[in-house]
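> Structure below; questions to follow.
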Amino acid sequence: MLCGAWSRSGDRRPPVAGETSGDDGEAWRDGPLTIFSGDPAARASAGDLACFLEGRLSPPAGHPTARAGRPQADAEVVLRAWRDEGAAGVAALRGQFSAVIWEAGRRRLHLVCERLARQGWYALERSGELLFATELRDLVALAPSRPDPDPLSFTMWLGGLGCPEGRTLYAGVSRLGPGESFAYSGASIERRTHWRPTYQPPRHAPRGELAAELREQLRDSTWQYVSPGVTGVILSGGIDSSIVAATAAEGQGAGIDVRTYSAIFPGEPYDESDKIRALTDRLGIRGQAIQPAPVGSLWLALRHLQEWGVPLVAPGALMEMSVTARAAADGADVVLDGQTGDEILGFAPYLLADRLAQGRLLAVERLLRSWPAGRAISWRQRARVLRTYGVKGAAPYRLGRFVRDHRDRSGHGPKWLIPSRRQTFREFEDAWEWKARYSGPRWWKAFVDTAVWGPHRELRLEYLRQRASTAGMRWGSPLYDERLIDFCARLDPRIAFNQPLNRPLVREALSDLLPDVVRNQTRKANFSAFAAQSIVSDEPGLHRLLQGRDLEIAAYIDLEWIRERWRPAGERLDPMHPFWGVLWRAAIGQAWLRYGSDPSQITEMAGDPAISPPRAEPADLVAH
C-alpha cells in the first residue's frame, strides 16, 4: 500500500488499520503532506528530496536475479533518476512501480510510475485537498465520504467499452495512463505527459535474425519477473501463455522453480489438456491442473467487490482466480500469464487500409489471400474484412466524424441502456480516435493504441494486479512490456500475414521449445461456454440483485428490456445466448451501486449459503 493526502488539517488516518509506516511505525508527515506506506524500507532521501516507492525495479538483462531485500536501493535509484531527468527519467526505469517524489523546498508533490503505468496512481481533489493512492480502494477509504459513480465511465462500462482513459468508475477520481505523471503544489493537480510512442520505419533484417532478436526480447521481458522460489505461470494451452511458460522455463536453476497452473475440462471442446501436457513434458517442468465447476462467479464477484470496491471484470475470471489460488497454495511468489499477446504479437489488420489508400490493389489482394484467420476466408468474408479494415480504415478521421455527426444514430448503442444513457454512449463512442491521435501509418497507429492503451481502457491491468494480490502474490504480464512493444512496432507488418498461422515469427523464434501441437495450432480455445454456464448457475442470485423497486441500476439500465428477455414464454434461454452477458453486467453493476449506498446488503448477500462458492478438484495432466 502506498497512499497519502495533501491536507491543511493534517489529520488523515491510514485507510487500512495497522498498515502505517515510518521510522517509528507512524505515518510520515511534512507540512501538509501525509504518506502511508506498507513498506517503510522503500524510502530514500537526498537533500530536500524524498522518495517513497511501491513495487520494484527489474533486474538488469540477463539471468533471473534475486531482488529480495532491496526496496531502499530501488527507491534510491528512482530518486537519482528524478534528480537527473525528472519524470521522464523515472519512466525510463524498468519494473512495475509507483513512486511519490516530494520536493520539500518547493512544497511540490509528484506522483510518477514506470512508462506503461502497470502500477499506476489514482487521485482525487476534494475540498481543498488532494488524496492519492496506488489502489482505488485505499483512495476511497481515505476520502471523508465515498465518491459518487461517474455517469460517463459507468455507462461505457455497462455498454462493454471499458472505462475512458484517465477516468475511473468513481466521479472525480483520475488515474494515470502510460507516459503520464501528476504534479501538485496546493492549487490544482496537473497531468503531465512525458512520453508517447513515435513512429519509426520498420527494420529490414533477415528473418532468422529477427526471430533470434524476438526470442531475446521475450526472454528479457519474462525473466524480469522470475526470482528464486516458485514462479507460477497460468497456462491455458494457447500460444501466448505457452510462450511465457517456455521462456520462463529457460531460466530455471539456482533455486528457481517454474511451474504451470491450468484449468482443464475433460470431454469439453475447449479442453486443452493435450497441449498443456505436451508443453510441460517438452519443457521438463511441473504442471499443476484443476478441474473447476461452472459455479461461483457471483460469489467471487461479491467478495471482489468487498475487497477492492470495484466490479469484477467478467464471469470468466472464475477460471483464472481458481487457478491463481492453486498457485498461491503451492507457495508461488509471483504469477505470470500471456495477457496482451493478441494485441502485441498479433497482426496489424489496418495495413489493408494503408495499401488501399496508396492505390496498391494487388497488395490489397495479397493481404486478403494471406489473412491469418486460421483458415482461408471466403469471398464474402473477404468483402467484410475489406470494408471494415480497408475502406473504413482508410477514410480520413474528419470525414468519418462528419458522417457520424450527420447520420441518424438513434438506433445505435446498447439496447439495454435507458435512452439518455444510450445517447451518452453514442456521443462518446469513437472507434476511430486512434487515426487522429498519432502520426504514422494507419497500421502502426492502430497497433500502438491497442497495445499500449487498450489494456488500461479495459481495466485489465487493475484486475490482473488484484487477482494476484488477493491470493497474496505479485503479478506480471511479460508480454505487456515497453521494450517488447517497441520491438514489435518496428517489425515489417507483412511478416504477420501468414495464412493460416498467426504470430509466425514468434512460432519460429521458439520452435525448439514449443511442441508441434502447440506451435502449429490455428485456433484459440473458446471458454465462453464455461463462463455462460457459470452465469446460468448464478441465476437465482442475479435475480435477487435485480428484483424489487428503487434499484440504483434503473438510472442506467432499461429493466423492462431485461425482464422481457429474461424468461420469454417462461422458458430459460440457451446458455450461449448473448443476453446472459448483459444480465451479468447489469447485476454486478447493481451490486456495485448498492455497495456504495448500503454495503451491509452486499455483505449479507456475500455470506448467504445459497450463493455457491467456487468448486474445483485437483486434476491429473495425463491422457484421458
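> Answer yes or no as to whether Asp408 is assigned to a loop (DSSP other than H, G, I, E, B), of a type in the set (Asp, Glu) and within 26 Å of Gly160 (Cβ to Cβ). If you could, list the steps in order and put the result at the bottom.
Numbers: assigned to a loop (DSSP other than H, G, I, E, B): yes; of a type in the set (Asp, Glu): yes; within 26 Å of Gly160 (Cβ to Cβ): yes.
It is true that Asp408 is assigned to a loop (DSSP other than H, G, I, E, B), of a type in the set (Asp, Glu) and within 26 Å of Gly160 (Cβ to Cβ).
> Another one. Ala623 versus (1) in contact with a helix residue (DSSP H, G or I) (Cβ under 9 Å, 6 or more places away or on another chain); (2) under 30 Å from Asp281 (Cβ atoms); (3) surrounded by fewer than 17 Cβ atoms within 10 Å (Cβ to Cβ); (4) at pLDDT 90 or above: which is the lone unmet condition?
Status for Ala623: all satisfied but (4).
> For the range 335-353, state whether one or more residues are out of contact with any strand residue (DSSP E or B) (no Cβ under 7 Å at 6 or more places or on another chain), closer than 20 Å to Lys524 by Cα and among the polar types (S, T, N, Q).
First, pick out the residues of the range 335-353 that are out of contact with any strand residue (DSSP E or B) (no Cβ under 7 Å at 6 or more places or on another chain): 338-353.
Applying the additional criterion that residues be closer than 20 Å to Lys524 by Cα yields 338-349.
Among the residues that remain, those that are also among the polar types (S, T, N, Q) are: 339-340.
Checked against the condition, which is being out of contact with any strand residue (DSSP E or B) (no Cβ under 7 Å at 6 or more places or on another chain), closer than 20 Å to Lys524 by Cα and among the polar types (S, T, N, Q), the range 335-353 yields at least one hit.
> Another question, if that's okay. Taking the criterion of being over 26 Å from Glu343 (Cβ atoms) and surrounded by 17 or more Cβ atoms within 10 Å (Cβ to Cβ), would at least one residue in the range 504-524 satisfy it?
Checked against the condition, which is being over 26 Å from Glu343 (Cβ atoms) and surrounded by 17 or more Cβ atoms within 10 Å (Cβ to Cβ), the range 504-524 yields no hits at all.
> Specify which of the listed residues (Ala329, Ala289, Ala353) is more than 21 Å from the chain's Cα centre (by Cα) and surrounded by fewer than 20 Cβ atoms within 10 Å (Cβ to Cβ).
Numbers: Ala289 fails: surrounded by fewer than 20 Cβ atoms within 10 Å (Cβ to Cβ); Ala353 fails: surrounded by fewer than 20 Cβ atoms within 10 Å (Cβ to Cβ).
Of Ala329, Ala289, Ala353, the one residue that is more than 21 Å from the chain's Cα centre (by Cα) and surrounded by fewer than 20 Cβ atoms within 10 Å (Cβ to Cβ) is Ala329.
> Continuing with the same structure: Which condition number does Leu484 fail, the rest of (1) modelled with pLDDT of 95 or more; (2) surrounded by fewer than 19 Cβ atoms within 10 Å (Cβ to Cβ); (3) under 28 Å from Leu116 (Cβ atoms) being met?
Just one mismatch for Leu484, condition (2).
> Quick one: is Thr424 of a type in the set (S, T, N, Q), surrounded by 17 or more Cβ atoms within 10 Å (Cβ to Cβ), part of a helix (DSSP H, G or I) and more than 24 Å from the chain's Cα centre (by Cα)? Break it down stepwise before answering.
Numbers: of a type in the set (S, T, N, Q): yes; surrounded by 17 or more Cβ atoms within 10 Å (Cβ to Cβ): yes; part of a helix (DSSP H, G or I): yes; more than 24 Å from the chain's Cα centre (by Cα): yes.
Yes.
> Please work out which residue is farthest from the chain's Cα centre (by Cα), limiting yourself to the range 427-481 and to residues that are under 20 Å from Cys163 (Cα atoms) and acidic (Asp, Glu).
Glu427
Every residue, every condition in (1) touching a residue at least 24 places away in the same chain (Cβ under 8 Å); (2) in contact with a strand residue (DSSP E or B) (Cβ under 7 Å, 6 or more places away or on another chain); (3) not in a helix (DSSP H, G or I), yes or no:
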{"site": "Ile535", "(1), (2), (3)": "yes, no, no"}
{"site": "Arg549", "(1), (2), (3)": "no, no, yes"}
{"site": "Ala610", "(1), (2), (3)": "yes, no, yes"}
{"site": "Glu617", "(1), (2), (3)": "yes, yes, yes"}
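> Going by the conditions given, is Asp220 under 28 Å from Gly476 (Cβ atoms) and under 21 Å from the mean Cα position of the chain (by Cα)? Talk me through it step by step, then tell me what you get.
Details: under 28 Å from Gly476 (Cβ atoms): yes; under 21 Å from the mean Cα position of the chain (by Cα): yes.
So Asp220 passes the test.
> Continuing with the same structure: Looking for whichever is under 17 Å from the mean Cα position of the chain (by Cα), among the small types (Gly, Ala, Ser) and at pLDDT 95 or above here; the options are Ser181, Ser153. Which one fits?
Answer to the check: Ser153.
The values are calculated or read from the model by the stated rules, or taken from the named source; none is laboratory data. The structure presented is a predicted model; accordingly, all values stated were derived computationally and were not measured. Ideal geometry is used to build each Cβ from the backbone, glycine not excepted, and the neighbour counts take in all protein chains shown.
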